[in-house]
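Working notes, beginning with the structure itself.
The values are calculated or read from the model by the stated rules, or taken from the named source; none is laboratory data. Note that the coordinates shown come from a computational prediction; the quantities given were computed from them, not determined experimentally. Every residue, glycine as well, gets a Cβ built from its backbone with ideal geometry; the counts of neighbours run over all protein chains shown. Just so you know, the surface numbers come from the protein's heavy atoms only, side chains and all, with ligands and any DNA or RNA stripped out. Shrake-Rupley method; radii C 1.70, N 1.55, O 1.52, S 1.80 Å.
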2 protein chains.
Amino acid sequence: MTDLQGTSIIGFHRAGPNGKTLQGFNPATGENLPPVYHSATGSEVDEAVQLAHAAFAVYSQTTGAERARFLRRIAENIEALGDELITRANSETALPEPRLRNETARTCGQLRLFADVVEEGSWVDARIDHGDRDRKPLPKPDVRSMFRPIGPVVVFGASNFPLAFSVAGGDSASAFAAGDPVIVKAHPAHPGTSELVGLAIADAVHGCALPEGVFSLLYDAGNEVALALVKHPLIKAGGFTGSRAGGRALFEAAVCSRPNPIPFYAEMSSINPVVILPGALRERSDQIVSGLHGSVTLGAGQFCTNPGLVLLSEDAHDFVNKLGDLMTNTPEQTMLTPAISASYKNGVSARMNHAGVQTIGGAALFKTDSSQFLASPELAAELFGPSTLVVTYTDRQQLIELINSLEGQLTATIHGSEEDLLEYKEVVRLLETKAGRLVFNGFPTGVEVCHAMVHGGPYPATSEGRSSSVGTRAIYRFARQVCFQDFPNSALPAELQDENPLGIRRLVDGETSIK
Amino acid sequence: MTDLQGTSIIGFHRAGPNGKTLQGFNPATGENLPPVYHSATGSEVDEAVQLAHAAFAVYSQTTGAERARFLRRIAENIEALGDELITRANSETALPEPRLRNETARTCGQLRLFADVVEEGSWVDARIDHGDRDRKPLPKPDVRSMFRPIGPVVVFGASNFPLAFSVAGGDSASAFAAGDPVIVKAHPAHPGTSELVGLAIADAVHGCALPEGVFSLLYDAGNEVALALVKHPLIKAGGFTGSRAGGRALFEAAVCSRPNPIPFYAEMSSINPVVILPGALRERSDQIVSGLHGSVTLGAGQFCTNPGLVLLSEDAHDFVNKLGDLMTNTPEQTMLTPAISASYKNGVSARMNHAGVQTIGGAALFKTDSSQFLASPELAAELFGPSTLVVTYTDRQQLIELINSLEGQLTATIHGSEEDLLEYKEVVRLLETKAGRLVFNGFPTGVEVCHAMVHGGPYPATSEGRSSSVGTRAIYRFARQVCFQDFPNSALPAELQDENPLGIRRLVDGETSIK
């Protein structure tokens, strides 16, 4: 068993027990979990960033193979924690053990997926345009470019994924893969889980003989550490998953009030509309009700992809009643934190008291019509928890108006027959402009970690709607295009050398070339 | 000859002569150039944006081949303007005719390069991960993604490239190529050139039977139109090349004060450091002096890539004296606008009066030492015009300190021998963190339009330092990743269909596949 120390991890040493305190808390039993944790102080924040900056000089020059070894070592170290990690995470989050085992597997799987990507190496999008000294009127230079690491990255652990979106989660994995040192700000809801994973990473840094500044883990009882990190001049990018208010505050600090703005990827808020078209309703109504109920209530609804809005034909009374019955009979689940639970209860209560909203069955399914929804922007706000709002439409025009009114989303789901897809082509086109991922005849919860995944979407789904935080496309958030003009072959990165020593895919004089 | 009308082009019609007025001005002769131009009114701005929004529904669905045809038609129409365009541009900018002919060729060349890219089609980075219904514990969905157009884009014409960075310049070409309607805010310094090119584009929209909202051109005597455009909820991205103050103001409006921030690419300020290492100084001193002089004074120094800072060994007196002689004997050139000329003169005068700065020869070459430079941040600010500042260093450590002090740059140039490159590896590594393009033994002016070019760099070189505004990589600024999960093959974009009907390069289950 690991002796949890309750202090930040700064490179290869531990911070002092000087800052404000926080403590793990078991939301199922209401008990505090030892040890007491201490926030990093201002000078400890600076120390971690200076170490990361120094480490960048070395880590940015490592090969894909070296980074792959490091990522795989992290995965092995996390797996070696075994039950200790699951038990602690379960105490701190009340998430069931099977879910936490799956999440551990996913976390290690994505570390290994990024290892494969950087070991293979083609992700850098190497491009070579050969020069021509004899071109008229001016000689043509030799121009070569690729993606290079951006610099030290700050990652914010998320409450709802203590493993897959936290200390060694997708943001850290993609930043490490790109060649960037990472400083994680631990989420206060699972400090012990964070320490265990943090030690696993620090051990991998050490075991791979990398500079200690490649990784630090800082605790923060409030938001001082978070803000100090995103404002630090040597931090070059950041990733966050959490509330709209929290994400926006960090975005302001990183982008708007910083003298030199940095890319900041905040995933904040999404109600993940589910559009049910007439053909699907005719053909598979009960199946959709059952799948929707499962998706809405999965993990107490604590997913960014939770379907919080269902657009449904106004005559689908049976659909609504059946969904209401299922929701009413769903056992209550412990939520992640008292704050999330309180916020959910307030949100539910506001909907119950909303004049234009009908409460169906128990307290988690709500229903309103198109004009009421369009007139009440508060109904389009995310309500984090196992609840959803059905908005009825009378015809296609009203459905289009509803979709037009939506903010940016992580996902949009369409249930339809293949004929519906043809007849409602404009609906699909409009949903594409609103979301990063379109799901057909499925449900938005469950985000596959793969090469093609896009987990992102226009604001406020994310603060940077062109990118993805899940899957291998995520690596591009923490990399930048750099170009080398007329460099001697030996001084170029291996990816751009004439011989293509790494055997990667490249674009040479405009043609794709695979060794 | 075209009858210039002096009003904004809104789709297929002309705006009224109602807004505030502006007029072309010949900086060589001091005379106003007819006609009088009228700013777009608020309702005309809204009309252009509404048209662009409506056009997006159609234009975003066009094939690469259709967009290629449109881009090529624009190039043909511009070429058909012939001497009329050159004459008007020369009157409005005082740029010499040969330069304007080259710039026209470059403008048409980049339109055709983007046509080739979208006709070929692989730029969309299509990715397919096949599903597996039998996977345990959960079935694996079929996930496919690609880059899709982002929506209506606003482009700001630049003063210093009346063609290549203006109405049909790189930003417009890349946005059109990605599938986005474009609204250009004409630069007030060349309204007639803008109108000629704007009519050429509108004619191509018409000739290709595209919806009129694909293109509008708006005039603005102040900044009301500019701000109204970037604040408009239906505008989805923007591109700007110009001053730091102007770029920052638009960035604030587009990103910070907008309820839903959009990507905004402002290219603002760069002093393009040139580092001269000892080996190069020994081997090619005179050659470097002559090349540097040419680069500093090219086009009256009115390039974003103008080398405004030279880092040189303190004992290189001969180098400085020779450069001073060349600068002193350079004939004065007419600058683009009275405002640019006045600002340049003020900047030169401030440097002449700077206690720690030595004026060499005439008034355009300045010299200071490392400690003075580090203590005077104003010396690191861009001075737009044919001037440069030599900063001397005593040793490698001082050179590294100087580089560390720099803000983000579009380019960084190294003159060295191959031995220098080995010995000063850390200098090259540091320069990479500061700039988008590294030039070896050359000069930064002259930006090749090709696949590998990166014209961008960390703030304040650009407000978004991971991207490029020149070359085919520029297309990604105006596109976003979109993912389709479990869609029937027939409802997918052609790029993602099983048969690969377009024959493009794709990443299928993690492997690059070329048809």
Which condition breaks for A:TYR459 when tested against (1) open to solvent by 10 Å² or more (accessible area, probe 1.4 Å); (2) in contact with a Leu (Cβ under 8 Å, 6 or more places away or on another chain); (3) of a type in the set (Ser, Thr, Tyr)? (2)
Return a yes/no flag: does the stretch A:225-239 have any residue that is out of contact with any Leu (no Cβ under 7 Å at 6 or more places or on another chain), open to solvent by 50 Å² or more (accessible area, probe 1.4 Å), among the basic types (Lys, Arg) and within 19 Å of A:SER343 (Cβ to Cβ). no
Confirm whether A:PHE56 is at pLDDT 95 or above, more than 22 Å from A:ALA479 (Cα to Cα) and either open to solvent by 20 Å² or more (accessible area, probe 1.4 Å) or out of contact with any Phe, Trp or Tyr (no Cβ under 8 Å at 6 or more places or on another chain) (or both). no
Enumeration of residues in the stretch A:476-504 that are open to solvent by 40 Å² or more (accessible area, probe 1.4 Å), touching a residue at least 40 places away in the same chain (Cβ under 8 Å) and assigned to a loop (DSSP other than H, G, I, E, B): A:ASP486, A:LEU502
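Working only within the stretch B:409-424, note down all residues that are more than 7 Å from chain A (Cβ to nearest Cβ) and of a type outside the set (D, E, K, R). Let's see the steps before the verdict.
Of the stretch B:409-424, the ones more than 7 Å from chain A (Cβ to nearest Cβ) are B:409-417, B:419-420, B:422-424.
Within the stretch B:409-424, B:GLN409, B:LEU410, B:THR411, B:ALA412, B:THR413, B:ILE414, B:HIS415, B:GLY416, B:SER417, B:LEU422, B:TYR424 qualify.
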Strands (runs of 3 or more DSSP E) within the stretch B:94-187 that include 2 or more residues under 16 Å from the mean Cα position of the chain (by Cα) and crowded, with 24+ Cβ neighbours inside 10 Å: B:153-156, B:182-185
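Run down B:GLU212, B:GLU252 and say which single residue is within 29 Å of B:LEU410 (Cβ to Cβ) and among the acidic types (Asp, Glu). Walk me through how you get there before you give the answer.
Numbers: B:GLU212 fails: within 29 Å of B:LEU410 (Cβ to Cβ).
Matching residue, one of B:GLU212, B:GLU252: B:GLU252.
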Here is a check on your reading of the model: is B:SER405 more than 15 Å from the chain's Cα centre (by Cα), among the hydroxyl-bearing types (Ser, Thr, Tyr) and more than 9 Å from every other protein chain (Cβ to nearest Cβ)? yes
Please find, within the stretch A:463-475, the residue that is surrounded by the fewest Cβ atoms within 10 Å (Cβ to Cβ) out of those that are at the interface with another protein chain (Cβ under 7 Å from one of its Cβ atoms) and not basic (Lys, Arg). A:SER467
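The rows are residues; the columns are (1) among the hydrophobic types (A, V, I, L, M, F, W, C); (2) outside any loop (DSSP other than H, G, I, E, B); (3) out of contact with any His (no Cβ under 6 Å at 6 or more places or on another chain).
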site	(1), (2), (3)
A:LEU298	yes, yes, yes
A:PHE319	yes, yes, yes
A:PRO331	no, no, yes
A:SER341	no, yes, yes
Of all residues in the stretch A:425-448, which are over 21 Å from A:GLN287 (Cα atoms), more than 10 Å from chain B (Cβ to nearest Cβ) and either assigned to a strand (DSSP E or B) or open to solvent by 10 Å² or more (accessible area, probe 1.4 Å) (or both)? A:LYS434
Away from chain B (no Cβ under 14 Å) and within 19 Å of A:PRO181 (Cβ to Cβ), is that true of A:LEU229? yes
If I filter the stretch B:368-390 for residues that are in contact (Cβ under 8 Å) with a residue 40 or more places away in the chain, touching an Asp or Glu at 6+ places or on another chain (Cβ under 8 Å), within 14 Å of another protein chain (Cβ to nearest Cβ) and closer than 30 Å to A:ASP180 by Cβ, do I get at least one hit? yes
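Test B:PRO17 against the stated conditions and say whether it is part of a strand (DSSP E or B), open to solvent by 20 Å² or more (accessible area, probe 1.4 Å), free of Cβ contacts under 8 Å to residues at least 40 places away in the same chain and under 26 Å from B:SER159 (Cβ atoms). I'd like the intermediate steps shown before the answer.
Details: part of a strand (DSSP E or B): no; open to solvent by 20 Å² or more (accessible area, probe 1.4 Å): yes; free of Cβ contacts under 8 Å to residues at least 40 places away in the same chain: yes; under 26 Å from B:SER159 (Cβ atoms): yes.
Criteria not met by B:PRO17.
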Scan (1) of a type outside the set (Asp, Glu); (2) modelled with pLDDT of 95 or more; (3) more than 18 Å from A:ALA412 (Cα to Cα) for the single condition A:ASN329 breaks and write down its number. (2)
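Can you tell me which of A:LEU217, A:LEU227, A:LEU234, A:LEU210 is free of Cβ contacts under 8 Å to residues at least 60 places away in the same chain and either more than 26 Å from A:ASN77 (Cα to Cα) or not in a helix (DSSP H, G or I) (or both)?
Details: A:LEU217 fails: free of Cβ contacts under 8 Å to residues at least 60 places away in the same chain; A:LEU234 fails: free of Cβ contacts under 8 Å to residues at least 60 places away in the same chain; A:LEU210 fails: free of Cβ contacts under 8 Å to residues at least 60 places away in the same chain.
Sole residue among the options that is free of Cβ contacts under 8 Å to residues at least 60 places away in the same chain and either more than 26 Å from A:ASN77 (Cα to Cα) or not in a helix (DSSP H, G or I) (or both): A:LEU227.
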Consider only pairs whose beta carbons are under 6 Å apart and that are at least six residues apart or on different chains; among these, list those whose first residue lies in the stretch A:42-64 and is farther than 22 Å from B:LYS425 by Cβ and whose second residue is part of a helix (DSSP H, G or I) and open to solvent by 20 Å² or more (accessible area, probe 1.4 Å). A:VAL45/A:ALA228
The stretch B:263-283 - residue that is open to solvent by less than 30 Å² (accessible area, probe 1.4 Å) and not in a strand (DSSP E or B) and, of those, nearest to B:LYS425 (Cα to Cα): B:LEU277
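Hey, among the residues in the stretch B:240-262 that are out of contact with any helix residue (DSSP H, G or I) (no Cβ under 7 Å at 6 or more places or on another chain) and buried (at least 22 other Cβ atoms within 10 Å of the Cβ), which one's nearest to the other protein chains (Cβ to nearest Cβ)?
Within the stretch B:240-262, the match that is nearest to the other protein chains (Cβ to nearest Cβ) is B:PHE251.
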